[in-house]
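J.: If you scroll down you'll find the structure; I have some questions about it.
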């Protein structure tokens, strides 16, 4: 593996100027985050025990801080850009589930939300008669 193929696990900056193998003190020049970390490793996998596929590695509790693991293999895919489409899809699904963000569809009369809520309550429970 060549350093040009690697990018910081946190900010995505190219690590072409970093010497391999990473020393324990290696830091990203852009965001100053530690690079000798579990999240930067080929063996990092949140779906397995201890989030590590290396069977003899010692347990590391903080996967984002430098450690003494001797099995670190830098991963080319360590940086995962945040997907705005996934986030927006999730928000749209929640809005649809709870009826949020769709005032135009649910209120075709154009009445204020407070009046619509009162009208719906009166329809549901009947008008309060004194």
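What follows is calculated from the coordinates using simple rules that are stated; it is not laboratory data. Keep in mind that what you see is a predicted model, and the values were worked out from it rather than measured. Cβ placement follows ideal geometry from the backbone for every residue including glycine, while neighbour counts extend to all protein chains displayed.
J.: Once fully extended, how much extra length lies between residue 25 and residue 93, figured as 0.36 nm per residue of separation less the alpha-carbon to alpha-carbon distance?
T.: Working it through step by step, the gained length comes to 20.2 nm.
J.: Over the stretch 1-80, what is the relative contact order in whole percent, taking alpha-carbon pairs under 8 Å and six or more residues apart?
T.: Here the relative contact order equals 33 percent.
J.: Measuring from label point to label point, each 7 Å out along Cα→Cβ, what is the residue 13 to residue 51 span in nm?
T.: If labels sit at residue 13 and residue 51, their model points lie 2.2 nm apart.
J.: Determine, for 31, 41, the number of other Cβ atoms within 10 Å of each Cβ, and report the residues in order from fewest to most.
T.: Least crowded to most crowded, the residues run 31, 41.
J.: Using the alpha carbon gyration tensor of the stretch 1-80, what are the three equivalent-ellipsoid semi-axes (square root of 5 times each eigenvalue), largest first, in whole Å?
T.: Each semi-axis is the square root of five times an eigenvalue, giving 20, 12, 12 Å.
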